[in-house]
Amino acid sequence: MQRRRFLARGTAAGTLVAGLAAPALAQGSNPQVRWRLASSYPRSLGTIYGAMDMAVKRVGELTEGRFNISLHPAGELVPALQVLDATQSGSVEAGHSASYFYIGKDPAFGFGTALPFGLNARGQNAWLYEGGGQALLDEFYASQGVMAMPVGNTGAQMAGWYRKEIKTVEDFKGLKFRVGGLAGMALAKLGVVAQQLAAGDLYVALEKGTLDAAEFVGPYDDEKLGLHKVAKYYYYPGWWEGSATLGLFINPKAWAALPAHYQIALRTAAAEANQWCTAKYDVENPRALGRLVAGGAVLRAFPRPVLDASYKATEALYAELSDKSPAFKKIFDHWIRFRNEQVLWQQFCEGPFDSYMAAASRRK
């Protein structure tokens, strides 16, 4: 009798332990979920597209294959610059894009990617993750029928490829320039004819002369796009993108339907990809720049008067947008205080150190 009671207790305990130890998949709380994710970028961009690819694969690993996200490059499901619209409408569950592609809807979309004379990668991540930036963006995106999270940061960018030299501000007048986000609006004040084109269209536009200049990211991606073959002057600094955050946009209804631990898996994977993307660029950009220069690319720095005029135009633009868009003003007032704090801090830490190291390395 005692033996039967012992076995019964043992069986019950074993069942309990097995239940605790068994993977969640066996407990009925892990449905099979399939999403389609449309990207604004081609597969050839192994950093931007690669970061999103890493994230969706990691989600699959973290959920033991129960949450499957199929990633589709630009044009496969929707045109590159309509990814946000497709996500908002629910024709896809998620999209991978740059928020500043959509400033025509509201200039506040610029904050999710980059603002001219803005934050570097460290500052941008600090603002988003710990500085209150993501909460402000969440509120704005909700008003636009979408949600988003960071899924990659390019770090500081170059200022693009030009068919002629930029020696003075006058050289901007009439320049047909592919440039993203609010930078185009600032440059328009200096006479630039700004255009928004997808990455895959830039080579042909430069080759045919429908563009005089084009910027994308930096040496690694620009080399893949072949921009150096159709415009030889390569300018820096890319003052409109001290860094650029790529976004994972999600349809709110699709998000709400996910189990909580699938949501956690997606946030975790996106954060990992965000860190990886910057590291990948920092490894590949110096090597690519060396190849481009060896192949004939001509490096040029914007003259100081050009930068000063650009800064003045940008400041005027921010004042105008704050008057026109309540959402822009609300986020900008917070963002500008944070940016100025970051600039002051880096004046005492990384700035002097980086300047010394650049000089020291040249002396060797």
First in region 71-86 and in a loop (DSSP other than H, G, I, E, B), second anywhere and basic (K, R), Cβ under 6 Å, 6 or more apart: P73/R43
In region 336-364, residue farthest from the chain's Cα centre (by Cα) [restricted to those that are over 30 Å from S322 (Cα atoms), of a type in the set (K, R) and assigned to a helix (DSSP H, G or I)]: R363
Among residues of region 190-214, those that are more than 16 Å from A159 (Cα to Cα), in a helix (DSSP H, G or I) and open to solvent by less than 40 Å² (accessible area, probe 1.4 Å), counted: 1
Filter result for the condition that a residue is part of a helix (DSSP H, G or I), of a type in the set (A, V, I, L, M, F, W, C) and more than 18 Å from P107 (Cβ to Cβ), over L299, L317, L307, L321: L307
Subset of region 277-295 (residues that are farther than 25 Å from A231 by Cα and buried (at least 19 other Cβ atoms within 10 Å of the Cβ)): C277, T278, K280
Residue check, A316 of a type in the set (G, A, S) and in contact with an Asp or Glu (Cβ under 8 Å, 6 or more places away or on another chain): no
Hey, K253 in contact with a Gly (Cβ under 7 Å, 6 or more places away or on another chain), open to solvent by 20 Å² or more (accessible area, probe 1.4 Å) and over 22 Å from S97 (Cβ atoms) or not: no
Some residue of region 133-155 being assigned to a loop (DSSP other than H, G, I, E, B), open to solvent by less than 20 Å² (accessible area, probe 1.4 Å) and out of contact with any Gly (no Cβ under 9 Å at 6 or more places or on another chain): no
Number of the condition not met by K176 [criteria: (1) at pLDDT below 95; (2) farther than 20 Å from G218 by Cβ]: (1)
Tabulated pairs, region 325-344, first under 21 Å from Y102 (Cα atoms), second among the aromatic types (F, W, Y), C-beta under 6 angstrom, 6+ apart or interchain: A327/F140; I331/F111
Of all residues in region 320-335 being farther than 11 Å from L136 by Cα and surrounded by 13 or more Cβ atoms within 10 Å (Cβ to Cβ), the one that is farthest from the chain's Cα centre (by Cα): E320
Output for region 159-184, where each listed residue is open to solvent by 30 Å² or more (accessible area, probe 1.4 Å) and in a loop (DSSP other than H, G, I, E, B): R163, K164, E165, K167, T168, K173, G174
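Yes or no: region 232-239 includes at least one residue that is open to solvent by 20 Å² or more (accessible area, probe 1.4 Å), out of contact with any helix residue (DSSP H, G or I) (no Cβ under 9 Å at 6 or more places or on another chain) and either without any contact (Cβ under 8 Å) to a residue 24 or more places away in the chain or assigned to a loop (DSSP other than H, G, I, E, B) (or both).
Yes, region 232-239 has at least one match.
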In region 240-266, residue nearest to P31 (Cα to Cα) [restricted to those that are in a loop (DSSP other than H, G, I, E, B) and out of contact with any Ser or Thr (no Cβ under 9 Å at 6 or more places or on another chain)]: L258
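The values are calculated or read from the model by the stated rules, or taken from the named source; none is laboratory data. Worth saying up front: this structure is predicted, and the values here are computed from it rather than measured. Quick reminder, even Gly has a Cβ in these numbers, built from the backbone with ideal geometry, and neighbours come from all protein chains shown. Surface areas here come from the heavy atoms of the whole protein model, side chains and all, with no ligands, DNA or RNA. Shrake-Rupley method; radii C 1.70, N 1.55, O 1.52, S 1.80 Å.
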